[in-house]
């Protein structure tokens, strides 16, 4: 794993944590073994080979000594640079975009997720035309960049790729219609949506599992979740909400990937409440939070959408740091500390979620005839009936409900 530290890039991230994150990305692929990583200082990027001739020779010797088959470059590599470096080093090379695509492909579980990955991968490959793309015949798994069927084949037929893109877009449009139907059905259910968002590996899936008991993949690796997973959760008051776990955000995510995977974040756009989960034990937690908020803004999340900040992994802090952070969190109304592993702090957080979603209630009178037993049972199950009077025509109920409950009742 190489992280080019380009001196002329004034907006570059500190090299050491950037390299650490890149290594974590590589480790997210189970069939890769990382034998080494290095920050490579670069006065400027060279258009043909990225690195200077001396550095290329030095790295070639290192790769040969360690019997390296694949080199990962944490940054953009042009098609020309990729071909030239592969020829010089006699290895396969993958840049940051290619690696993230490979991870997305390995993690995709739903039909839409798989299609979104393939569409983004084809657009990426179209500029390169140096890899076969027989992965399109597979339902899920790697993209073929780092091994598997077709890795030694070369497919340079741009027309065939364009045809594949058209075919996938057609399939995707059908899947999107199905998803829209599901979403429309969900809107008839009077449950608010609570979306978990955060930097990748912040512990969102662990919190999701703790609250729902669902077996969502929660491993100590980046991008463990790709497709949004939704479950119903009952709050302390008995109120039910839909909890949505989303793909983790990451800095420097290529623009074309953000666009391709926007569908996986659509539940965030519809959320009534956003829980921004932070790995508070991470040294770059503040910068990660800034990245998440920037992407939420780019996605068009409304400013009036309620948000709660969750400082997760407090169990990893030493007592001194933990006490200081707790004092800081206590000063803020919408910040809560917790551990998704031990469960500490979950109860206050859920009470805050309950309070945030406690819609304004009003009193109304509802008249039902004797044949409307289903509607009467629904009102009592919601726990909103304050008084009931029965006469010869039916029931007159005094209810104390929210606008959401009134709308759901009228849809029965």
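The values are calculated or read from the model by the stated rules, or taken from the named source; none is laboratory data. None of these values were measured; they are calculated from a predicted model. Note: ideal-geometry Cβ built from the backbone for every residue, glycine included; neighbour counts use all protein chains shown.
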Name the residues in the range 1-29 that are modelled with pLDDT under 80, touching a helix residue (DSSP H, G or I) at 6+ places or on another chain (Cβ under 7 Å) and in a strand (DSSP E or B), would you?
5
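For the range 361-374, what are the residues that are within 23 Å of residue 232 (Cβ to Cβ) and out of contact with any strand residue (DSSP E or B) (no Cβ under 7 Å at 6 or more places or on another chain)? I'd like the intermediate steps shown before the answer.
Initially, the range 361-374 is screened for residues within 23 Å of residue 232 (Cβ to Cβ), giving 361, 374.
Within the range 361-374, 374 is the sole residue that qualifies.
Per-residue answers, yes or no, for (1) part of a helix (DSSP H, G or I); (2) modelled with pLDDT of 80 or more; (3) crowded, with 20+ Cβ neighbours inside 10 Å; (4) touching a helix residue (DSSP H, G or I) at 6+ places or on another chain (Cβ under 6 Å):
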| residue | (1), (2), (3), (4) |
| --- | --- |
| 231 | no, yes, no, yes |
| 237 | no, no, no, yes |
| 258 | yes, no, no, no |
| 264 | yes, no, yes, no |
| 267 | yes, no, yes, no |
| 276 | no, yes, yes, no |
Considering the range 286-299 alone, what residues qualify as being closer than 24 Å to residue 327 by Cα and either without any contact (Cβ under 8 Å) to a residue 40 or more places away in the chain or part of a loop (DSSP other than H, G, I, E, B) (or both)?
286, 290, 293
Among residues of the range 56-68 being surrounded by 16 or more Cβ atoms within 10 Å (Cβ to Cβ) and in contact with a strand residue (DSSP E or B) (Cβ under 9 Å, 6 or more places away or on another chain), the residue nearest to residue 84 (Cα to Cα) is 56
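Condition check: farther than 22 Å from residue 282 by Cα, touching a helix residue (DSSP H, G or I) at 6+ places or on another chain (Cβ under 7 Å), outside the structural domain of residue 283 (by TED's automatic domain parsing) and touching a residue at least 60 places away in the same chain (Cβ under 8 Å). Does residue 32 satisfy that? Show your work before the answer.
Numbers: farther than 22 Å from residue 282 by Cα: yes; touching a helix residue (DSSP H, G or I) at 6+ places or on another chain (Cβ under 7 Å): yes; outside the structural domain of residue 283 (by TED's automatic domain parsing): yes; touching a residue at least 60 places away in the same chain (Cβ under 8 Å): yes.
Considered against the rule, which asks whether it is farther than 22 Å from residue 282 by Cα, touching a helix residue (DSSP H, G or I) at 6+ places or on another chain (Cβ under 7 Å), outside the structural domain of residue 283 (by TED's automatic domain parsing) and touching a residue at least 60 places away in the same chain (Cβ under 8 Å), residue 32 comes out as yes.
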Of the residues in the range 280-309 that are under 16 Å from the mean Cα position of the chain (by Cα) and closer than 13 Å to residue 196 by Cβ, the one that is modelled with the lowest pLDDT is 296
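Can you find even one residue in the range 120-127 that is within 27 Å of residue 50 (Cα to Cα), assigned to a loop (DSSP other than H, G, I, E, B) and modelled with pLDDT of 65 or more? If you could, list the steps in order and put the result at the bottom.
Initially, the range 120-127 is screened for residues within 27 Å of residue 50 (Cα to Cα), giving 120-127.
From what is left, the residues that are assigned to a loop (DSSP other than H, G, I, E, B) are 127.
If we keep only those that are modelled with pLDDT of 65 or more too, we end up with 127.
Within the range 120-127, one or more residues are within 27 Å of residue 50 (Cα to Cα), assigned to a loop (DSSP other than H, G, I, E, B) and modelled with pLDDT of 65 or more.
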Evaluation of residue 363 against (1) part of a helix (DSSP H, G or I); (2) more than 30 Å from the chain's Cα centre (by Cα) (one fails), failing number:
(1)
Evaluate the range 78-95: report whether one residue or more is modelled with pLDDT under 90, surrounded by 13 or more Cβ atoms within 10 Å (Cβ to Cβ), within 19 Å of residue 47 (Cα to Cα) and in contact with a helix residue (DSSP H, G or I) (Cβ under 6 Å, 6 or more places away or on another chain).
no
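This table checks each residue for (1) in the same structural domain as residue 234 (by TED's automatic domain parsing); (2) over 18 Å from residue 235 (Cα atoms); (3) without any contact (Cβ under 8 Å) to a residue 12 or more places away in the chain; (4) surrounded by 13 or more Cβ atoms within 10 Å (Cβ to Cβ).
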residue: 301; (1), (2), (3), (4): yes, yes, no, yes
residue: 310; (1), (2), (3), (4): yes, no, no, yes
residue: 318; (1), (2), (3), (4): yes, yes, yes, no
residue: 327; (1), (2), (3), (4): yes, yes, yes, no
residue: 348; (1), (2), (3), (4): yes, no, no, no
residue: 376; (1), (2), (3), (4): no, yes, no, yes
residue: 397; (1), (2), (3), (4): no, yes, no, yes
residue: 403; (1), (2), (3), (4): no, yes, no, no
So, in the range 328-361, how many residues would count as being touching a helix residue (DSSP H, G or I) at 6+ places or on another chain (Cβ under 7 Å) and closer than 13 Å to residue 273 by Cα?
1
Name every residue in the range 199-228 that is within 15 Å of residue 24 (Cβ to Cβ) and at pLDDT 80 or above, in order of residue number.
199, 200, 201, 202, 203
Filter pass, residue 72 being crowded, with 17+ Cβ neighbours inside 10 Å, in contact (Cβ under 8 Å) with a residue 40 or more places away in the chain, part of a helix (DSSP H, G or I) and in contact with a strand residue (DSSP E or B) (Cβ under 8 Å, 6 or more places away or on another chain)
no
